[in-house]
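One structure is given here, and the rest of the page talks about it.
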Amino acid sequence: MTNFLYDTRRTKHFAAIAMVLLAGCGEHQGPGEVTGTAVPAEAVVARAQRQERALQTLPVDPAHAKQILFGDLHVHTTFSADAFAVSLPLLGGEGAHPPADACDFARFCADLDFWSINDHAEGLTPQHWKETIDSIRQCNAPRTASGEADVVAFLGWEWTQVGTTASNHYGHKNVVLREIGEGRVPTRPIHAIRPDFTGMKLPFLAKLAPLADPANRQTYWDQERQIEEVAGTPACPAADDVRDLPADCMEGVERPSELYAKLDQWGFDSLVIPHGTTWGFTAPSGASLDLGLKPGEHDPNRQKLFEVYSGHGNAEEFRTWTTRTIDESGEFTCPAPTDDYLACCWQAGEIIRSRCDDRTPEATCEQRVATAQQNYLAAGAAGHQTVRGAATQDWLDCGQCRDCFLPANNHLPRMSGQYALARANLSEPNQPPHYRFGFIGSSDTHRARPGNGFKEFGLRRNADSTLSPSAFMSTGDPEPESRRIDIETLPLQQRRDTERQASLYVTGGLVAVHAAARERNSIFDALDRREVYATSGERILLWFDLLNPPRAESAPMGSEVDIVIEPHFRVSAVGALEQKPGCPDYPARALGPDRLERLCMGECYNPTDERKAITRIEVVRIKPQIAEDEPLETLIEDPWRTFECASEEDCSIEFSDPEYPTLNRSVAYYVRAIQAATPAVNGAGLGCVEDADGACTSVVACAVTADDGDDCLADVEERAWSSPIWLDPVP
């Protein structure tokens, strides 16, 4: 009897504890406090001096050279629902990183010149938007002893549209505002209408996490509170003008044309930057940038830049293979493997084929294979869910661009930067027939770490390679047949193959601008005129100029020039500076040792005087279509020219195009400066193991099994991409 009473009391005791843990009260997650200290003036001056020394050996005229400033225009904090989800300790996160963390990281860890906050507008309540504005103003407040800005922070948000099919997919776009002053920013951000993304609600986690991880229970309660805040904010009513809407609602639109119209009503300078375009991780099979050239869906006055590289991979390169084909009856079919591409729909069938045994009639097995291919195609980005019990290794390297530089997961070539420059819509007389994008890189960090590619470290904390919720959701035991999935009814966290994606996250890229000054308007003006370039994270210095334009001494990257004579170009590039371990002394003084460790992880941008080698310059020539049936593979010449570099640190070459005067059509030229190979986080991607014929027989997927401290390093050739220069024959 005594033991029974004891067990009963113990059970009641544990039950009481459980009730307390399950009934916790979440608190509103605010923006945090920005460290109100500027970078020392001498450290800011040193940035310019390093560039001045590099110019001494180049043919670039220092008297006319603008400063090259480095920034990141794609930064998420835990004001974004997905960023808060992956910050949870049970999912490998390290707790909340609010906007103040992003500011301090940009200033003291990454030593950036500028950055922009771009939390998902779907999760920004009126209170969070007000706090975002206040935090960005605080970030801009510190000044050096000489009175200048050490870092410029821009205000913005992400419009995160994802279609369920190729016919309604426009993709993600970042909005970046020029101004931050009172009365000079929208009352609210404008989100894409997308109910599945208003909160990364994880019911199993919300109920069990405080029990499984009581030390961090407040973090889980706070995430629930943030989701409830979003759910409790009403949608804005219909109105003819955005200024007539109440301040306490959330405003959404379905199409880019509606986004542009609302930005026009506000009348404030802004840029709209497509990003993540090639990610089959989120975009549906068959998606293309053609949809954005439909009437009203492209605004050439705002949509001037294209994020060609981020921590999600490279979105530059076009290939002729497709994720699906269309037969004579108009039905979608699965393309057979080639030497350079294995479609995931095909591999779905092969996994099912491997499950046929000796008792399975051949015809039955073939029917199961064909059904598996169709089920995968129908499920879009959730195709992996159609084959139960399939492991990461079973999919091999399907969907991957085998000869691209660090490609995005399930690369979609018709959403790439090269496709954008070549493709035309010539059937709409009142619509711009082509995109003319400048190229930028950024991080797309979901840990409030702008410019996180300054050193290659931190697979789990610095890159976004945490195993997300679906990594803990098994697709079940293997079954002999695939199953049909309705993607629209599937929870968002189960649509994405996040376990496979973990091996394809890399540290982020950068945007570099040629600007007159480290000042808000100078930087925004450079972005607006496309005098910008992208890097894969390294601070490579790059100049690309047309040397013989009419009526000017030269024309920089991003220019559009009417010219009929043979064009003559010059490219100059200087390798990024080698890094010392650790941090300079001033970040520790400003942040303190504990915050330095939590935020910077003990590492900062900390350059030596030695530079890495530039090994070659590649020139890409693209002839935008003048007829919509022109094959793009004949118009995209990559590389058109390659120049090997003899110098250790820098490289300068000149070239002409004698064919241009005879083409009688517009031509775009851009360049890549390639740096000597160095180790990079997840540099091997899925780590495909090839047989003697070059076929992928297995994958390593290092990030799935990596221990703490293993960054899955492999050598890659870091690079910079210039914005194009467009040449147009005089009418």
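The values are calculated or read from the model by the stated rules, or taken from the named source; none is laboratory data. If you're wondering where the values come from, they're calculated on a predicted model, not measured in any experiment. Cβ atoms come from the backbone with ideal geometry, glycine included; neighbour counts cover every protein chain shown.
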| message | Quick check on the stretch 127-136. Is at least one of its residues in a loop (DSSP other than H, G, I, E, B), touching a Pro at 6+ places or on another chain (Cβ under 8 Å), among the hydroxyl-bearing types (Ser, Thr, Tyr) and closer than 28 Å to Gly183 by Cα? | response | no
| request: Output the residues belonging to the stretch 402-453 that are touching a Cys at 6+ places or on another chain (Cβ under 9 Å) and more than 19 Å from Tyr170 (Cα to Cα). | output: Arg402, Pro407, Ala448, Arg449, Pro450, Gly451, Asn452
| Residues of the stretch 397-430 being part of a loop (DSSP other than H, G, I, E, B), touching a Lys or Arg at 6+ places or on another chain (Cβ under 9 Å) and of a type in the set (A, V, I, L, M, F, W, C), which ones? | Cys401, Cys404, Phe405
| Counted residues, the stretch 137-180 - those being in a strand (DSSP E or B) and β-branched (Val, Ile, Thr) | 4
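Tell me, which strands (runs of 3 or more DSSP E) lie completely within the stretch 632-731 with 1 or more residues that are modelled with pLDDT under 95? Break it down into steps so the answer makes sense when it comes.
Details: elements: 636-644, 650-656, 667-675, 678-681, 688-690, 696-699, 713-716, 719-722, 725-728.
In the stretch 632-731, 650-656, 688-690, 696-699 are the strands (runs of 3 or more DSSP E) which contain 1 or more residues that are modelled with pLDDT under 95.
Given the criteria not β-branched (Val, Ile, Thr) and not assigned by TED's automatic domain parsing to the domain that holds Glu531, does Asp299 qualify?
No.
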| said: Pairs please, first residue from the stretch 505-533 and of a type in the set (A, V, I, L, M, F, W, C), second anywhere and part of a helix (DSSP H, G or I) and surrounded by fewer than 24 Cβ atoms within 10 Å (Cβ to Cβ), Cβ atoms under 6 Å, 6+ apart in sequence or on different chains. | reply: Ala515/Ser522; Ala516/Ser522
| task | Determine which member of the set Ala238, Ala287 is out of contact with any helix residue (DSSP H, G or I) (no Cβ under 6 Å at 6 or more places or on another chain) and in a loop (DSSP other than H, G, I, E, B). | result | Ala238
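Any residue in the stretch 28-35 that is in contact (Cβ under 8 Å) with a residue 60 or more places away in the chain and either of a type in the set (Phe, Trp, Tyr) or part of a helix (DSSP H, G or I) (or both)? Can you show your working first?
At the first step, the residues of the stretch 28-35 found to be in contact (Cβ under 8 Å) with a residue 60 or more places away in the chain are 28-35.
Now restrict to residues that are either of a type in the set (Phe, Trp, Tyr) or part of a helix (DSSP H, G or I) (or both): none.
Checked the stretch 28-35: no residue is in contact (Cβ under 8 Å) with a residue 60 or more places away in the chain and either of a type in the set (Phe, Trp, Tyr) or part of a helix (DSSP H, G or I) (or both).
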| Which condition breaks for Glu94 when tested against (1) more than 20 Å from Gly508 (Cβ to Cβ); (2) outside any helix (DSSP H, G or I); (3) out of contact with any Phe, Trp or Tyr (no Cβ under 9 Å at 6 or more places or on another chain)? | (1)
| Counting just the residues of the stretch 290-332 that are among the small types (Gly, Ala, Ser), in a loop (DSSP other than H, G, I, E, B) and in contact (Cβ under 8 Å) with a residue 24 or more places away in the chain, which one comes out nearest to Pro407 (Cα to Cα)? | Ala315
| query | For the stretch 348-367, what are the residues that are surrounded by 19 or more Cβ atoms within 10 Å (Cβ to Cβ) and under 19 Å from Glu331 (Cα atoms)? | reply | Ala348, Gly349
| request: Within the stretch 700-731, track down each residue that is touching a Pro at 6+ places or on another chain (Cβ under 7 Å), surrounded by 14 or more Cβ atoms within 10 Å (Cβ to Cβ) and not small (Gly, Ala, Ser). | output: Leu713, Leu727
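Quick one: in the stretch 581-605, which of the residues that are of a type in the set (Gly, Ala, Ser) and in contact (Cβ under 8 Å) with a residue 12 or more places away in the chain is nearest to Cys139 (Cα to Cα)?
Ala590
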| task | Could you list, in sequence order, all residues of the stretch 286-332 that are out of contact with any Gly (no Cβ under 6 Å at 6 or more places or on another chain), among the aromatic types (Phe, Trp, Tyr) and farther than 20 Å from Glu633 by Cα? | result | Phe332
